[in-house]
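Contents: one structure, followed by commentary.
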Amino acid sequence: MVIICKHIFYKNYVGLSFRPFIILKNNALKEDAILMNHERIHLRQQQELLVVPFYILYTLEWAFKSFVYLNTYKAYKNISFEREAYENEKNIDYIKNRGPFRFIKYL
């Protein structure tokens with residue numbers, strides 16, 4: 001299910017996943033197949049980790065990498081969950097062929 005909510009996004013961020021929802025900055029983004037695939041990858045990650053542990057691990061990894069890189073955006077781009085999603089977002093069939101817990105490869 002897709003929800004449009006333009007007021008919650010910071011800077012250039014345009015989408016986020018919060019199982020079972022994909023939240024987008026504007027309605028036109030629903031047509032962006034790459035963005036939607038990226039967010040669906042996150043939904044699968046959340047499903048595997050039962051949502052709350054996903055967000056705990058996501059936040060802990062971001063905090064640790066923010067400390068290591070001294071740069072919050074670089075930390076975000078290097079979170080294992082994001083690395084998996086960015087690397088595979090253009091492969092529209094990725095979800096169909098993805099093995100369980102593939103984000104571990106990106107730690």
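Quick look at the numbers
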read-out: Identity of the residue in region 31-58, β-branched (Val, Ile, Thr) and under 18 Å from GLU87 (Cβ atoms), that ends up farthest from the chain's Cα centre (by Cα); value: ILE34
read-out: Residue in region 13-34 that is within 15 Å of LEU107 (Cβ to Cβ) and surrounded by 11 or more Cβ atoms within 10 Å (Cβ to Cβ) present; value: no
read-out: Hits in region 50-76 - residues which are among the aliphatic types (A, V, I, L, M), surrounded by 12 or more Cβ atoms within 10 Å (Cβ to Cβ) and either touching a His at 6+ places or on another chain (Cβ under 6 Å) or not in a helix (DSSP H, G or I) (or both); value: VAL51
read-out: Close pairs from region 9-28: first modelled with pLDDT of 95 or more, partner crowded, with 18+ Cβ neighbours inside 10 Å and of a type in the set (Asp, Glu), Cβ under 7 Å, at least 6 apart; value: GLY15/GLU39; SER17/GLU39; ILE22/GLU39
read-out: Selected residue (only one of LYS11, LYS90 is part of a loop (DSSP other than H, G, I, E, B) and at positive phi); value: LYS11
read-out: Verdict on ILE41 being over 15 Å from ILE104 (Cα atoms) and either surrounded by 18 or more Cβ atoms within 10 Å (Cβ to Cβ) or free of Cβ contacts under 8 Å to residues at least 60 places away in the same chain (or both); value: no
read-out: Residue count for region 77-101, restricted to those that are crowded, with 17+ Cβ neighbours inside 10 Å and in contact with an Asp or Glu (Cβ under 7 Å, 6 or more places away or on another chain); value: 2
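The values are calculated or read from the model by the stated rules, or taken from the named source; none is laboratory data. Source: prediction; values computed, not measured. Here the Cβ is made from the backbone with ideal geometry for all residues, glycine too, and neighbour counts use every protein chain on show.
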